[in-house]
1. Among the residues of segment 113-143, which ones are under 16 Å from residue 192 (Cα atoms) and touching a strand residue (DSSP E or B) at 6+ places or on another chain (Cβ under 6 Å)?
2. So, in segment 50-69, how many residues would count as being more than 16 Å from the ligand (Cβ to nearest atom) and within 28 Å of residue 220 (Cα to Cα)?
3. Note down all Cβ pairs under 7 Å where the first residue falls in segment 22-44 and is closer than 19 Å to residue 118 by Cα, the second is away from the ligand (no atom under 14 Å from the Cβ) and assigned to a strand (DSSP E or B), and they're at least six residues apart or on different chains.
4. Hey, residue 247 hits all of (1) crowded, with 19+ Cβ neighbours inside 10 Å; (2) at pLDDT 95 or above but one; which does it fall short on?
5. Answer yes or no as to whether residue 115 is in contact (Cβ under 8 Å) with a residue 24 or more places away in the chain and either surrounded by fewer than 22 Cβ atoms within 10 Å (Cβ to Cβ) or under 17 Å from the mean Cα position of the chain (by Cα) (or both).
6. Condition (residue is touching a residue at least 24 places away in the same chain (Cβ under 8 Å), within 16 Å of the ligand (Cβ to nearest atom), out of contact with any strand residue (DSSP E or B) (no Cβ under 7 Å at 6 or more places or on another chain) and in a helix (DSSP H, G or I)) applied to segment 97-108: is it met by at least one residue?
7. Among the numbered conditions (1) out of contact with any helix residue (DSSP H, G or I) (no Cβ under 9 Å at 6 or more places or on another chain); (2) surrounded by 17 or more Cβ atoms within 10 Å (Cβ to Cβ); (3) over 17 Å from residue 41 (Cα atoms), tell me where residue 365 comes up short.
8. In this structure, does residue 193 turn out to be within 16 Å of the ligand (Cβ to nearest atom) and either within 30 Å of residue 424 (Cα to Cα) or in a strand (DSSP E or B) (or both)?
Ligand SMILES: [Zn+2]
């Protein structure tokens, strides 16, 4: 298989470290809010990669962390802790927030046919491991204590910017996000391995450590959790491209300084999902979730197909218009497949040829849109029905679009203008509440009341009904 490797920025043949076994690591969610569909694009494409590696005969072990501590609102270790912000917003404890949004995340994944990873490890399970790795980094001279925290010293590395594509703009973002400059840092790219109470007093979860009562930085958790479950050599590390710097750059700095050798050979980065306002993000108020798509009448697998229609290394722009086009295509596809009679005996030679064209597409840097084309070719192919159904079933092991299911009639968006208006108002109210703009939130609630809409705040978000 040929994959684009962010390390080296070229397409390379994928060769695992240990024969047939593939160790794979995925940065998991920070469980302070629902995942938006832009985050989920990354998990969908990672799922396709994992399933394709299995399809190609590899024995994959995929590990994912759950960030339930230590991720600050800026990825560059500054600002408020995301988990604490979530807990405050919802008047819950950090652990309640973590449990609720972890469950919500995996529920979304299930709806999108994303396989559950082989290992899922919350950061709060691994405090001893973090302390061990940080101690070794201190012993080896790669880290230093300052002002109550422990920092990684990036000046000790031969090369820090390993992905080679860090531009001044990215660095400027890092600097801009730093509300106040951290005077403890020796170099501006140094980052925190362990915080103590000397800094964020509002931190709810703290643990004893050789450096005082405190909590780990965000980056150390992925280095440790990967090492804990996949050992010294990682074949492939996945994540959204916005994590390449500083998060993945810092993971490499820590892991390789700790191990004393190269750690991970292949880096798989999925590009952003864009909407009319640019890169989709939770900080922009209302954001698109799987639940919202379902409420609007979409089958979540339509969104999965929407993602598969484009290449993971290209930014993808989301509009309801294009999702509607995919919904129509998905409906038609399911109906065409359902109409294929299960007749005859499977023609093995022909099946192998049809599957080969699918494999060629995915072998070429996971070209899923070409993979979908080869699926349509199967429907048109001059082979019997049993062979077609068999080949489609094989392809669906990777695509996971429920292709052999009976087609449902619910894949279209409802064109009920009233529903859309109510949903928009609820999203605006949620955004206002998140921004603590109670006046606006109350005004919207009153407006909804006038429309005879009854709101119910449930654990799965806001549900509504029309008063009879
Ligand atoms: Zn990570």
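1. Answer for segment 113-143, where residues must be under 16 Å from residue 192 (Cα atoms) and touching a strand residue (DSSP E or B) at 6+ places or on another chain (Cβ under 6 Å): 123, 127, 130, 134, 137, 143.
2. 6
3. Between residues of segment 22-44 that are closer than 19 Å to residue 118 by Cα and residues that are away from the ligand (no atom under 14 Å from the Cβ) and assigned to a strand (DSSP E or B), the close pairs are 22/59; 22/60; 22/235; 23/61; 23/235; 24/60; 24/61; 24/235.
4. (2)
5. yes
6. Yes - at least one qualifying residue is present in segment 97-108.
7. (3)
8. When the stated conditions are applied, residue 193 passes them.
The values are calculated or read from the model by the stated rules, or taken from the named source; none is laboratory data. Just so you know, these numbers come straight off a predicted model, no measurement behind them. Cβ atoms come from the backbone with ideal geometry, glycine included; neighbour counts cover every protein chain shown.
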